[in-house]
Amino acid sequence: MSDVATKPRPSLWVRYTSSSPIVVTIYALILGLVIGALIIVTTTPAVLDAWRGLFSSWNGLPHALNVSFNNVGAGYREMFTGSIVDPQGFWHSLVTGKGWPNTLTPLSETLTYATPLVIVSIGVGIAFQTGLFNIGANGQAVIGGIAGVAFGSMLHMPTIIHLPLALVAGVAGGMLCGALPGVLKAYTGAHEVIVTLMFNYVTYAFLLFMVLSTPFQQPGQSNDLSRTMDPTAVLPPLFGTKSGLRVSYGVFVAALVVLFAWWLLNRSSLGFDFRVTGANPSAARASGINARKVIVVAFLISGGLAGLAGVVQVASTTHYVDGTFLIGNAGIGFTAITVALLGRNRPIGIVWAALLFAALGVGGRNMQSTTGIPLDLATVIQSAIVLFVATPVLVKEIFRLRNVSTVGLQISTTGWGS
Amino acid sequence: MRLELRGITKRFGSLIANDQISLTVEPGQIHSLLGENGAGKSTLMNVLFGLLSPDEGDILINGVATRISDSGDAVRCGIGMVHQHFMLVPVFSVTENVVLGFEPTKSFNRIDYNAATEDIRRLSRQFNLEVDPDAIIENLPVGTQQRVEIIKALSHDAELLILDEPTAVLTPQEIDALMEVMRSLASAGKSILFITHKLKEVKAIADVITVLRHGRIVGTAEPTASESELATLMVGREVKLTVEKSPYKPGDEVLHIRDLVVLDDRGLVAVNGVSLTVRAGEVLALAGVQGNGQTELVEALVGMRPVLSGTITLHGRDVTHLTPRKALDAGIGHIPEDRHRDGLILSMSVADNLVLNTPRRAPFASRGTRNLAAVSENAVRLVKEFDIRTTSIEAPTSSLSGGNQQKVIVARELSRSLEFLVASQPTRGLDVGSIEYVHHQIVEHRNRGNGSLIVSSELDEVLALGDRIAVMFEGKISGIVDPSTSRESIGLLMAGHTMEATSV
C-alpha cells in the first residue's frame, strides 16, 4: 500500500488529554501529591484542631481551610526547598555571589542519592524488558559494595588504576551474584523471583560475616565496620572536598550507564533479543533466539549494574560498609523495582523516576526536620504514584483522558508466569 | 424472537464502523452476517449485546424499541452471545460455569447445583448438546466447550443467539455437530445470528445472508447464491477461489524424511515412523484432522522439537537435530500454526517483526549494533511488495488485522532466501481476500522451483494447493494421493482407513 505515511503529529491539547503512558505518569504524580496533601490534612494535629473548631466560631470553615492549606503548603515547600533549591537562597547567592555551597546542597544531596539508584534501576529495568524479575538487585549491590571496598581498601595503587579497578570489582561481584539465579533459571527452570529474593538474605549474611572478620574488618575495631577505601579508589566530589557538596563523579558513571543501556535496548542486536524474549518467549524461540543464553546474559548485565550501583554508593559517600549497608530504607535495590516500573523500564524514563524518588526522599527528610510531618509521607507519596501508574484505567477515569493504547504501561507486568 | 435493527450507526472517532445498518431476524431463522475481518460485524454484535452504545439507530425486540445499555440488559431481553474466544473459567466444572453470575440459590444463599445440573441435562437433551455437567472445562475439547457456552446462553432463556465466528476453532467434525445443533435450535423457534466469513458454512446453514463491507450492508443473498457471488459481494471485487498453478514439473528431491519418530509434550509418540519426500517445484500438502501429529512433525522440521529417531535431509544434508537458529540458517522457512504465539511480537513494530528471525544478518546489523535504516528500508519494501495494510511501519503489529499480520509473516519468510518452506495452517482465521493472497504467494514460491510442505486441516486448502496430498492419521501417513482424488476418499484416509481399504 502506498498509504504508509507517518500520521500527522497530534496537537498539544490532544496529547495532554490523551492517555499516552507519559501523560498517565504525569497525572499519577499529581494524584500522588493530592493524596499526600489529604494525609497531611488528616494527620497533622494543628490541622485537626482547626477542623474541630469548625462550628465554634463564625469563621470556623475559612480558618480550618486556611490552616489546612498552610500546612500542606509548608510541607511541600520544605520538600521542594530541601531537595531541589530554596528560591530565596538561590536569589541571594546569585546577587551576592556568596553561599553557593549552601544553596546547592539540596540538589547535591538529591543527585548523590539518585546516582546509584539510576544505575541499579536500569539494571532491574533491563531484566524486566527481558521478562525477568530481578528482585535480588539489592543483594547484588551489597556484594558489589563489598567487592569495591575490598579492592579499594586492601590494594594500594594510583588513582588511574585503583578507581577503575574498584568499580570493575563491584561490577564483577554483582555479576557473580546475578549469574547464579540466571544459570539456575536457564538450566533448571528455578523461578528467578524466588531465587533472587532468597539470595538477598544470603548476601546480608555474607556482609555481616565480612565486616566482622579479618582482613576485611577495620583493624582494631570490634564493631561491624569494614576498612575504609583509599582516597585513590573513591569517587571524589565534583566540586572538591572543601565545597562540602557530596555529589561526586559518580554522576558521570551513571550517565555512561544510561548511554550504554539506551544503546543496548534500542540499537543492539543483543537488546533486540532481550526485548523479543521478554515480549514473547515462544516466538523468540521460534525465531532462533537461544533463551538460555539470553537469560544468563540478561542476569549478568542486570547483576553487574546492581554491583556497580553498590560500589558507586559506597565510593561516593561513606567509603566503607557496615552491617546496615543498604538495609531498610537505604535498600536501593528494592526501590529500584518501583523506579524501573515508574520509568517504564526505559533508561531516560528511569532517570526521571529516580530523580523524583531521590527528591521525595531527600526533601521528605527536610520536611520532617522543619515541619514535623513525618518522613513516611514521602514513602506514601512514592507508593501512591506507583499505584496510580500501575492502574492506568483509574487515572484515565479520574481525568477523563481520551483512550489511547496503554500497552506500554503494562509491559513490565508480563513475565510472572514463565 | 423477532429482532429488528434500524439504522444503527457507530463511529470511533473519524472511523465509521457501522453505517446505517438495518436488518431483521425472524423467529426460527438462521440469519448469517457475512463479511471480511474489519467489516464491522463484531462492532454490530457488541452494539446488540450492549457492550457498545450506538450513536444512532434503534433496536426493536418483537416490535418494541429497546435500549440495551449493558450485557445484563441483553440477557434479560433474551439475547445470548457465544463469543469467538470463550468466556469460561477453565478450572470450574460445566455446571459452575453455566450458573456463574446467575446462581440459583436455595436456603441460606447456598447455590442449588442440583437444579442447575437438571437444567443442563434438560437443555442438552432438548437440543442435542451432549455434555457432562460435572466435567471440568479445561479437560474438554474445544467443540464441547462451545456447547457449554451455548447451554449457558440457553439457560438464561435466550431467544436469540449470537454466534461470533463459531467455527474458527473447530475441527470439520465439530463443525458438522454445531450445524446440527443450530438446526435443532432454529426448529425450536430460536433465532440465530451467525457471524462468519466462511462461504461454505453460510451456504450450508443460513436462511438469509446479509453481507457487510466497510461498515455498510452491501447486499443480501439467498443461500442458493454461488460462492463466487458471495465472495465478490464480500470483498468488493472478483475473487479467485481456485488457485492458478503452473503445470506440475517436479524436480530433484529437496526434503527427505525417513522413519521420523517425535514425541509430544506429554512424552507420547506423536509422529510414528513417518517417511516423506518433497521435490523441487512441488507443494506436498499434509492433510488430517488436527492433533494427529502434524504439529509435532512441523516442529521437528524447524528444530523446535527433538527428534527421537529417524532422519531429515535437506538437499542431501542432514538437518535432523538442528536448533531453531540452525534450521533458519539452513534455509527452512516457517509459517507457524499459531501466529500470535510463535510468529509475531505483537507489541513490536511491523518493521521489527519483518526481521524477527534475521536481526543479525547483514545489512540489518553489524558488529552487534542494529542498522535501523536498513530495517526500515526492508520494511518499506516488503510492505509494498506484499501489500501489508498498516498505518506505518512503526505501528505495533497488534494494530493490524489478522490477514495483514499473516502477511507480515509470509513476507518475512519468503523474502529471505529459502531452501524449503513449511507452512502450518497458513490461512487459519483469515478472510477470503487474504486467503487468496497467501495462497498466491505460496504457489509463486513453488513456481519458482522450490519445495514446500503445507499442513492444513481444511480440505479445500489441501486440494487447492497440493501437488500431492499426504494424509496423516495417529502419527502415521495413512496415504499419499493425487489432488484429483475425491473428497470422500481423502476423508476416509483422514478417519484412519488405509489406502487398500479406500481403493476398493
(message) Under a Cβ-only charge scheme (Lys and Arg +1, Asp and Glu -1), can you give me the dipole magnitude of the stretch A:123-358 about the Cα centre, in debye to the nearest 20?
(response) 580 debye
(message) Looking at chain A as a GNM with Cα springs under 10 Å, which of A:T391, A:T241, A:T324 has the largest mean-square fluctuation?
(response) A:T241
(request) Determine ³J(HN,Hα), in whole Hz, for all residues of the stretch A:364-375 in sequence, where each value follows from phi through the Karplus function 6.51 cos²θ - 1.76 cosθ + 1.60 and θ = phi - 60°; x replaces Gly and Pro. (result) x, 5, 5, 4, 4, 6, 9, 10, x, 6, x, 4
(message) Suppose the Debye formula is applied to equal point scatterers at every Cα of the protein assembly as shown; what is log10 I(q)/I(0) at q = 0.05, 0.08, 0.10, 0.11 Å⁻¹?
(response) -0.40, -0.94, -1.25, -1.37
(request) Among the trypsin sites (Lys or Arg not before Pro) in the stretch B:1-102, which ones are in a DSSP loop with at most 14 other Cβ atoms within 10 Å of the Cβ? Mind listing them? (result) B:R67
(request) Mind computing the radius of gyration and Dmax over the alpha-carbon atoms of the stretch B:3-235? Å is fine for both. (result) 17.8, 60
(request) Provide the per-residue ³J(HN,Hα) series for the stretch A:102-114, in order, calculated from phi with Karplus coefficients 6.51, -1.76, 1.60 and θ = phi - 60°, each as a whole number of Hz, with x at glycine and proline positions. (result) 4, 5, 8, 3, x, 5, 4, 5, 4, 5, 4, 6, 6
(request) Determine, for B:F420, B:F364, A:F69, the number of other Cβ atoms within 10 Å of each Cβ, and report the residues in order from fewest to most. (result) A:F69, B:F364, B:F420
(request) Please arrange B:E201, B:E36, A:E192, B:E118 by counting, for each residue, the other beta carbons lying within 10 Å of its beta carbon, fewest first. (result) B:E118, B:E201, B:E36, A:E192
(request) Name the long-range amide H neighbours of B:G479: under 5 Å, sequence gap of 5 or more, or other chain; modelled H, no Pro or chain starts. (result) B:V471
(request) Report the calculated FRET efficiency for B:H315 and B:V218 (r = Cβ-Cβ distance, R0 = 51 Å), to the nearest 0.05. (result) 0.55
(message) Counting only helical runs of four or more DSSP H residues, what would the 222 nm mean residue ellipticity of chain B come to if each run contributes -39,500 (n - 2.57) and the total is spread over all its residues?
(response) -9500 deg cm²/dmol
(message) Need the full-extension length gain, A:T241 to A:L48, defined as separation in residues times 0.36 nm minus the C-alpha distance. One decimal, nm.
(response) 64.9 nm
(message) Amide H of B:E337 versus every other amide H placed in the peptide plane: which residues, excluding those fewer than 5 positions away on the same chain, fall under 5 Å?
(response) B:S424
(message) Can you list residues from other chains, or at least 5 along the same chain, whose modelled amide H is less than 5 Å from the amide H of B:R468?
(response) B:V283, B:A285
(message) Can you report the principal axis dimensions of chain B using only the alpha carbons, biggest first, rounded to whole angstrom?
(response) 71, 53, 49
(request) Using Cα positions and a limit of under 30 Å, work out the lysines in reach of B:K203, with same-chain residues fewer than 8 apart set aside. (result) B:K10, B:K41, B:K152, B:K190, B:K240, B:K245, B:K407
(message) Using Cα-Cα distances under 8 Å and only pairs 6 or more residues apart, what relative contact order does chain A have, in percent?
(response) 30 percent
(request) May I ask you to derive the relative contact order of the stretch A:83-123, considering only C-alpha pairs under 8 Å and at least 6 residues apart, and to give it as an integer percent? (result) 42 percent
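In debye, nearest 20: dipole of the protein assembly as shown around its Cα centre with unit charges on the Cβ of K, R (+) and D, E (-)? Before the final figure, lay out each step's value.
Numbers: 71 positive and 76 negative charges, 610 e Å.
Here the protein assembly as shown has a charge dipole of around 2940 debye.
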(request) Can you spot the aspartates and glutamates whose alpha carbon is less than 16 Å from A:K98's alpha carbon? Ignore those fewer than 8 places along the same chain. (result) A:D86
(request) For the stretch B:220-302, run through the trypsin sites (Lys or Arg not before Pro) and keep only the ones in DSSP coil with at most 12 other Cβ atoms within 10 Å of their Cβ. (result) B:R237, B:K240, B:R266
(message) For the pair A:W58/A:Q221, report the inter-label distance in nm, with labels modelled 7 Å from Cα in the Cβ direction.
(response) 6.7 nm
(request) Excluding residues fewer than 8 places away in the same chain, name every one of the lysines whose C-alpha is closer than 25 Å to that of A:K185. (result) A:K293, B:K326
(message) I'd like the FRET efficiency for B:L372 and B:S246, computed as 1/(1 + (r/R0)^6) with the beta carbon distance as r and R0 of 41 Å, rounded to 0.05.
(response) 0.60
(request) Quote the relative contact order of the stretch B:3-235 in percent (integer), defining contacts as alpha-carbon pairs under 8 Å separated by 6+ residues. (result) 29 percent
(request) Considering only A:L355, A:L208, A:L94, give the residue with the highest GNM mean-square fluctuation for chain A, with springs between Cα atoms whenever their separation is below 10 Å. (result) A:L94
(request) Give me D for the stretch A:123-358 in µm² s⁻¹, whole number, from Stokes-Einstein with Rh from the Kirkwood sum over alpha-carbon pairs, 37 °C and 0.692 mPa s. (result) 182 µm²/s
(request) Can you list which of the trypsin sites (Lys or Arg not before Pro) found in the stretch B:442-504 are DSSP loop residues with at most 14 other C-beta atoms within 10 Å? (result) B:R448
(request) Run the quick spin-label model on A:K98 and A:N266: label points 7 Å from Cα toward the beta carbon, then report their separation in nm to one decimal. (result) 4.6 nm
(request) Sort A:Y249, A:Y27, B:Y248 so that the residue with the fewest other Cβ atoms within 10 Å of its own Cβ comes first and the one with the most comes last. (result) B:Y248, A:Y249, A:Y27
(message) Can you compute the FRET efficiency between B:I136 and B:N109 using 1/(1 + (r/R0)^6), with r the Cβ-Cβ distance and R0 = 35 Å? Round to the nearest 0.05.
(response) 0.90
(message) Running a GNM on chain A with Cα contacts under 10 Å, which residue among A:Q218, A:Q88, A:Q382 ends up with the highest mean-square fluctuation?
(response) A:Q88
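Read-outs throughout are calculated quantities, based only on the coordinates presented, and are distinct from any laboratory measurement. Since this is a predicted model, take the numbers as computed values, not measurements. Methodologically, a virtual Cβ is constructed for each residue, glycine included, from the backbone with ideal geometry; neighbour enumeration extends over all protein chains shown.
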